[in-house]
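Following: one structure in structure tokens, then a few remarks.
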Amino acid sequence: MRLLVAVLAALLASLPARAAELPIFDAHVHYSHDAWDMLPPDAAIDILRKAGVRRALVSSSGDDGQQRLYTAAPDLIIPELRPYRRRGEIATWVRDESVIAYLEERLKKYRYVAIGEFHLYSADADLPVPRRLVELARQHRLFLHAHSDADAVERLFKQWPQARILWAHAGFERPERVREMLRKYPNLWCDLAFRTDHASGGKVDPDWRAAFLEFPERFMVGTDTFTPERWLYVPEHAKWSRTWLADLPKNVAERIAWKNGETVFGALLRSPQ
Ligand SMILES: [Zn+2]
């Protein structure tokens, strides 16, 4: 733990005070309970700002975490509500009725733009607890942020055809399959968190390039700080994203880097509820 704090301090000191580069909307940040001690809210906000992250879509296992971040930097943090109270509920929540009471309690108290990120695969999407989650999102007009296979995404749209879904990691699907899904569902967006197959050595993969050019408005980048240590990667992720985005037409790069996130989630947060 002490080592990690020291590494973080060194990292922060090495970053430029103000990033003049392309701003980043990081659409996949977690600030979960085991990160809070290592990285108090001010330090987490410092990392995001110094990495040139203009805004971040943040959810926490233990929702208090991102509420603290949001209070400290409402211009930077866009809150979304994760159905997990602690690490380790990823596989169990779909059959855990108590998740619904937790979501309801938080929704009564705080403002969010989305429910997620949650993990949900195939036919589990039609279990009673996920159905209730979708129902709550519908009542509160929230996005769903789904770490799901294509099958579960289709089931979510079947339950709620007007749903707006941010597909975490673009489902770890191949670009051709992602394009099919984007064609089929106009209310589907993708984050590219925790994948690197779309670019290497500053060059965008040809199949991914075709996807980005066909749907420049539907992709966002994200770090995915699913463990506390991943926070170290936020500046590197921003930098790496700028490198491969520079291989795309400028207007497409800007959209994927930050404009899509800002248009979709920034606008939602500003709109009256
Ligand atoms: Zn995640």
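Would you confirm whether any residue within segment 243-256 is part of a loop (DSSP other than H, G, I, E, B), away from the ligand (no atom under 16 Å from the Cβ), under 25 Å from Tyr112 (Cα atoms) and under 15 Å from the mean Cα position of the chain (by Cα)? Can you show your working first?
Filtering segment 243-256 down to residues part of a loop (DSSP other than H, G, I, E, B) leaves 246-249.
Applying the additional criterion that residues be away from the ligand (no atom under 16 Å from the Cβ) yields 246-249.
Filter again for under 25 Å from Tyr112 (Cα atoms), leaving none.
Within segment 243-256, not a single residue is part of a loop (DSSP other than H, G, I, E, B), away from the ligand (no atom under 16 Å from the Cβ), under 25 Å from Tyr112 (Cα atoms) and under 15 Å from the mean Cα position of the chain (by Cα).
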So which residues in segment 112-134 are assigned to a helix (DSSP H, G or I), open to solvent by 20 Å² or more (accessible area, probe 1.4 Å) and in contact with a helix residue (DSSP H, G or I) (Cβ under 7 Å, 6 or more places away or on another chain), if there are any at all? Ser122, Asp124, Asp126, Arg131, Arg132
Within segment 46-70, track down each residue that is open to solvent by 20 Å² or more (accessible area, probe 1.4 Å) and among the acidic types (Asp, Glu). Asp46, Asp64
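Scan Phe219, Phe172 and give me the residue that is open to solvent by 50 Å² or more (accessible area, probe 1.4 Å), in contact (Cβ under 8 Å) with a residue 12 or more places away in the chain and among the hydrophobic types (A, V, I, L, M, F, W, C). Write out each step before concluding.
Details: Phe219 fails: open to solvent by 50 Å² or more (accessible area, probe 1.4 Å).
On inspection, the qualifying residue turns out to be Phe172.
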If I ask for residues that are within 16 Å of the ligand (Cβ to nearest atom), of a type in the set (D, E, K, R) and farther than 21 Å from Thr71 by Cβ, which ones from segment 82-116 would you list? Arg86, Arg87, Glu89
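If you go through segment 205-231, how many residues are within 16 Å of the ligand (Cβ to nearest atom) and part of a helix (DSSP H, G or I)?
We begin by selecting, within segment 205-231, every residue within 16 Å of the ligand (Cβ to nearest atom); these are 220-231.
Pick out the ones that are also part of a helix (DSSP H, G or I) and you get 228-231.
Result for segment 205-231: 4.
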Can you tell me which residue within segment 9-31, out of those that are at pLDDT below 90 and under 22 Å from the mean Cα position of the chain (by Cα), is nearest to Trp244 (Cα to Cα)? Glu21
Scope segment 135-152; condition more than 16 Å from the ligand (Cβ to nearest atom) and either part of a loop (DSSP other than H, G, I, E, B) or surrounded by 21 or more Cβ atoms within 10 Å (Cβ to Cβ) (or both); matching residues: Ala137, His140, Arg141, Leu142
Taking segment 72-91 as the region of interest, how many residues are at pLDDT below 95 and of a type in the set (Val, Ile, Thr)? 1
Pairs please, first residue from segment 21-34 and away from the ligand (no atom under 11 Å from the Cβ), second anywhere and among the acidic types (Asp, Glu) and outside any strand (DSSP E or B), Cβ atoms under 6 Å, 6+ apart in sequence or on different chains. Phe25/Glu262
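For segment 228-246, which residues satisfy the criterion of being of a type outside the set (Gly, Ala, Ser) and in contact with a helix residue (DSSP H, G or I) (Cβ under 8 Å, 6 or more places away or on another chain)? Can you show your working first?
In the first step, residues of segment 228-246 are kept if they are of a type outside the set (Gly, Ala, Ser); the result is 228-237, 239-240, 242-245.
Result: Pro228, Glu229, Trp231, Leu232, Val234, Pro235, Arg242, Leu245.
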Members of segment 71-88 that are touching a Lys or Arg at 6+ places or on another chain (Cβ under 9 Å) and either within 17 Å of Leu144 (Cβ to Cβ) or crowded, with 21+ Cβ neighbours inside 10 Å (or both): Ile77, Ile78, Pro79, Leu81
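The values are calculated or read from the model by the stated rules, or taken from the named source; none is laboratory data. All figures in this text were calculated on a predicted structure; none of them were measured in a lab. Heads up, the Cβs are rebuilt from the backbone with ideal geometry, glycines too, and the neighbour counts pull from every protein chain shown. Remember, those area values only see protein heavy atoms, side chains included, never the ligands or the DNA or RNA. Shrake-Rupley method; radii C 1.70, N 1.55, O 1.52, S 1.80 Å.
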